[in-house]
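Computed from the coordinates by the stated procedures, all read-outs in this text should not be read as laboratory data. On a predicted model such as this, the values are computed, not experimentally measured, just so you know. Here the Cβ is made from the backbone with ideal geometry for all residues, glycine too, and neighbour counts use every protein chain on show.
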Amino acid sequence: MRARTRHVIAVIFVVASVSFAGAQTRSIWDGVYSEAQAQRGAAVYNSECSYCHRDDLSGGFFDGGAGQAPALAGPRAFGSSFGERWNDLTVGEMVAAIASTMPQQKPASLTLQQYVDVLSYLFSKNGVPAGATDLPTDIPALGELIITPKK
C-alpha cells in the first residue's frame, strides 16, 4: 500500500474516532445523502464490489467457494443486520473500515468520494432515506453522523 494511501486511512481513523466538542451530531436517518449520490455509488459498486457481494448485495460464496462475502443489504447484511453491525458508530468510522479493507484484493484503492458514494448506495439499499444534499467527503463532518437503529 502506498504511503499516501496509508496516511489518508490513518487520518480517516483518527478524525472519525475523535469526539468534537460542541459538534451537533445527526443520524443517518436525517437524509444525509442524495439519490444522485446513491446512483453514482451504484455504478462504483457494480464495477468494484458486485463480483464478491453480488449485484443484489446478497453476498455469498465466490471463486468456486474459495471466498465468502457478507450480504450488504437486508436482514443478513454484514452477517447480522446493517443496524447491528454499525450501530452507534459514526459514518466516518464506517468509511474508514470499508476503505481499509475493500476492495478485498486492493484495499484503499478508490477515492474518498467513491467510498462515500458506495456508502450512500448501501444506505439506500438498507432503507435509509435520501435527502437533498450529498453525503460529504469532509472527514470531521462524517465523524458527526451517527449510525442508529431505524427511527
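Worth a mention:
- Using the Cβ-Cβ distance between GLU35 and GLU84 with R0 set to 35 Å, the FRET efficiency works out to roughly 0.85.
- ALA108 long-range amide H proximity, modeled H, under 5 Å: THR101, MET102
- With each label modelled as a point 7 angstrom along the Cα→C-beta vector, the SER47-THR133 pair spans 2.7 nm.
- Separation between Cα centres of the range 123-151 and the range 80-103, rounded to whole Å: 12 Å
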